[in-house]
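Engineer: This is the structure I have questions about; it appears just below.
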Amino acid sequence: MEQKSSKSLQKLSELRREHKGLINLMPLQTGGILTDAARVALMEFGDGYSVCDFCEGSLCNVTNPPIRDFVQELLPPFLGCEVATITHGAREGKFMVMHSLAKPGDSIIVDGNKHYTTVVAAERVGLNVIGVPNSGHPEFRVDVNEYVPLIKKHAPKLILLTYPDGNYGNLLDARRLGEIAREYNIPYILNGAYAVGRMPISMEEIGADFIIGSGHKSMASAGPAGVLGMRKKWEETVLRKSGTYSKKDIELLGCSIRGVPLMTLMASFPYVKERVQHWDEQVSKAQWFSAELEKLGFIQLGEKPHRHDLLHFDAPALYEISKRVREKGYFLYKELKERGIWGPQPGLARSFKLSTFAADRQQLGFVIDSFKAILNKYS
Ligand SMILES: *Cc1c(COP(=O)(O)O)cnc(C)c1O
């Protein structure tokens with residue numbers, strides 16, 4: 001027993017990551033890869049509470065390191081909002097808003113492609129979640145006009161749109177939903193976990209009340225980190241302070257991310273702000289890659305032509321192979337890994353998601369050739 005536990009302890013002091021250095025196509029990871037500046041910040045601020053050297057009671061007001069400038073000067077124009085704050089992640093941002101604006105038993109209306117964290121956040125508040133169904137296979141589109149009858153029927157406290165969703169990478173008509181939100185006077189949350197930090201996006205232009213981003217998903221941050229932007233009219237509701245400690249946000253339990261998550265988010269921000277300007281190139285890269293995989297017999301799900309780097313494919317040929325090989329669905333993971341590629345969830349071959357965001361065209365060409373080689377090998 002004693003010996004076993006010392007072995008386990010030994011393992012903890014030698015933690016290593018298996019997929020380091022491979023071509024990374026995993027949708028969760030491609031927008032969260034750190035910049036060199038963030039890697040420096042990671043070491044510099046790695047010690048616990050190191051951001052609090054000069055804190056006077058409120059994280060977002062710290063001037064050294066320049067957190068206040070980041071939150072007050074840089075984030076609002078980037079998000080197209082009036083007031084911004086820092087959260088622990090997209091899910092915590094959604095929870096904060098729901099918890100501030102709705103009470104147990106209230107309803108909210110969300111798109112059918114919602115992320116699971118939307119539902120869990122709503123459950124934590126005690127809300128009823130009503131979904132607007134998608135059109136089903138293969139495009140899974142949601143017509144935002146279908147929010148209207150549900151708004152009339154359920155009188156929701158909030159509506160939410162996932163932009164894009166994390167399953168198909170569909171970009172729905174967010175502006176139209178903004179008009180609907182104004183017409184019926186219902187606060188509108190835009191969940192931009194896969195948008196903020198990847199593509200240009202503006203809460204104001206879309207006509208939402210809240211915009212939510214994820215630092216580790218799309219802003220080159222170690223995380224867990226998130227950003228929440230809002231109209232000024234919601235500041236007093238969502239960012240209300242403790243009655244006892246006047247500098248402490250209630251919804252953030254005083255302060256949000258205290259250290260490396262925030263410092264890496266800030267260190268990467270100049271790069272992230274610049275990279276969203278090259279979104280057109282990202283989209284054409286994704287469309288080219290998708291067309292090449294379709295030539296191999298894979299079927300791209302979601303909108304076509306696609307407007308996001310998150311791609312979901314049905315792969316009937318790979319599924320057939322997985323049924324007759326010893327490794328079952330894991331054969332694809334194994335074959336790709338041997339070629340230096342990390343992407344589809346291990347075990348999945350029938351349908352899988354990939355993101356082209358972090359790989360360049362040359363690497364993606366190699367990925368396409370690798371899929372060809374794998375199909376040939378087993379044919
Ligand atoms: C990843 C993801 C989230 C969760 O993001 P966190 O920052 O980890 O909470 C929420 N919504 C969507 C659409 C996502 O893809």
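The values are calculated or read from the model by the stated rules, or taken from the named source; none is laboratory data. All figures in this text were calculated on a predicted structure; none of them were measured in a lab. Heads up, the Cβs are rebuilt from the backbone with ideal geometry, glycines too, and the neighbour counts pull from every protein chain shown. The accessibility values were calculated without ligands, DNA or RNA, using every heavy atom of the protein model including side chains. Shrake-Rupley method; radii C 1.70, N 1.55, O 1.52, S 1.80 Å.
Engineer: From the list Lys285, Lys372, Lys323, which residue is open to solvent by less than 40 Å² (accessible area, probe 1.4 Å), of a type in the set (Lys, Arg) and more than 19 Å from the chain's Cα centre (by Cα)?
Structural biologist: Step by step, each of Lys285, Lys372, Lys323 is checked, and only Lys285 is open to solvent by less than 40 Å² (accessible area, probe 1.4 Å), of a type in the set (Lys, Arg) and more than 19 Å from the chain's Cα centre (by Cα).
Engineer: Would you mind stating whether Ile299 is open to solvent by 20 Å² or more (accessible area, probe 1.4 Å) and either touching a residue at least 40 places away in the same chain (Cβ under 8 Å) or under 26 Å from Ala195 (Cα atoms) (or both)? Quick ask: steps written out before the conclusion?
Structural biologist: Details: open to solvent by 20 Å² or more (accessible area, probe 1.4 Å): yes; either touching a residue at least 40 places away in the same chain (Cβ under 8 Å) or under 26 Å from Ala195 (Cα atoms) (or both): yes.
So Ile299 passes the test.
Engineer: How many of the residues in the range 109-132 are more than 15 Å from the ligand (Cβ to nearest atom), open to solvent by less than 50 Å² (accessible area, probe 1.4 Å) and in contact with a strand residue (DSSP E or B) (Cβ under 8 Å, 6 or more places away or on another chain)?
Structural biologist: Selection size over the range 109-132: 4.
So that you can scan it fast, the table gives a plain yes or no per residue for (1) free of Cβ contacts under 8 Å to residues at least 40 places away in the same chain; (2) open to solvent by 30 Å² or more (accessible area, probe 1.4 Å); (3) of a type in the set (A, V, I, L, M); (4) assigned by TED's automatic domain parsing to the domain that holds Glu179:
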{"site": "Met219", "(1), (2), (3), (4)": "no, no, yes, yes"}
{"site": "Leu228", "(1), (2), (3), (4)": "no, no, yes, yes"}
{"site": "Glu281", "(1), (2), (3), (4)": "yes, yes, no, no"}
{"site": "Leu310", "(1), (2), (3), (4)": "no, no, yes, no"}
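Engineer: Within the range 351-362, how many residues are surrounded by 16 or more Cβ atoms within 10 Å (Cβ to Cβ) and either part of a helix (DSSP H, G or I) or touching an Asp or Glu at 6+ places or on another chain (Cβ under 8 Å) (or both)? Outline the logic, then answer.
Structural biologist: Quick first cut of the range 351-362, residues surrounded by 16 or more Cβ atoms within 10 Å (Cβ to Cβ) only: 351-359.
Checking the rest, the ones that are also either part of a helix (DSSP H, G or I) or touching an Asp or Glu at 6+ places or on another chain (Cβ under 8 Å) (or both) come to 351, 355-357.
Counting residues in the range 351-362 that are surrounded by 16 or more Cβ atoms within 10 Å (Cβ to Cβ) and either part of a helix (DSSP H, G or I) or touching an Asp or Glu at 6+ places or on another chain (Cβ under 8 Å) (or both) gives 4.
Engineer: Go through (1) surrounded by fewer than 22 Cβ atoms within 10 Å (Cβ to Cβ); (2) within 30 Å of Phe313 (Cα to Cα); (3) touching a strand residue (DSSP E or B) at 6+ places or on another chain (Cβ under 8 Å) and name the single condition Lys157 misses.
Structural biologist: Status for Lys157: all satisfied but (2).
Engineer: Test each condition in (1) out of contact with any Lys or Arg (no Cβ under 8 Å at 6 or more places or on another chain); (2) part of a loop (DSSP other than H, G, I, E, B); (3) open to solvent by 50 Å² or more (accessible area, probe 1.4 Å); (4) closer than 30 Å to Met98 by Cα for Lys233 and report the one that comes out false.
Structural biologist: Answer for Lys233: the failing condition is (2).
Engineer: Can you pull out the residues in the range 85-97 that are more than 12 Å from the ligand (Cβ to nearest atom) and surrounded by fewer than 24 Cβ atoms within 10 Å (Cβ to Cβ)?
Structural biologist: Listed by number, the list holds a single entry, Thr85.
Engineer: Considering (1) open to solvent by 10 Å² or more (accessible area, probe 1.4 Å); (2) modelled with pLDDT of 95 or more; (3) away from the ligand (no atom under 13 Å from the Cβ), say which one Leu79 fails and leave the rest.
Structural biologist: With (1) open to solvent by 10 Å² or more (accessible area, probe 1.4 Å); (2) modelled with pLDDT of 95 or more; (3) away from the ligand (no atom under 13 Å from the Cβ) applied to Leu79, the lone miss is (1).
Engineer: What are the pairs with Cβ atoms under 8 angstrom where one residue, in the range 8-31, is in the same structural domain as Ser370 (by TED's automatic domain parsing) and the other, located anywhere, is outside any loop (DSSP other than H, G, I, E, B) and open to solvent by 80 Å² or more (accessible area, probe 1.4 Å)? Sequence gap at least six, or different chains.
Structural biologist: Pairs found: Ile23/Phe366.
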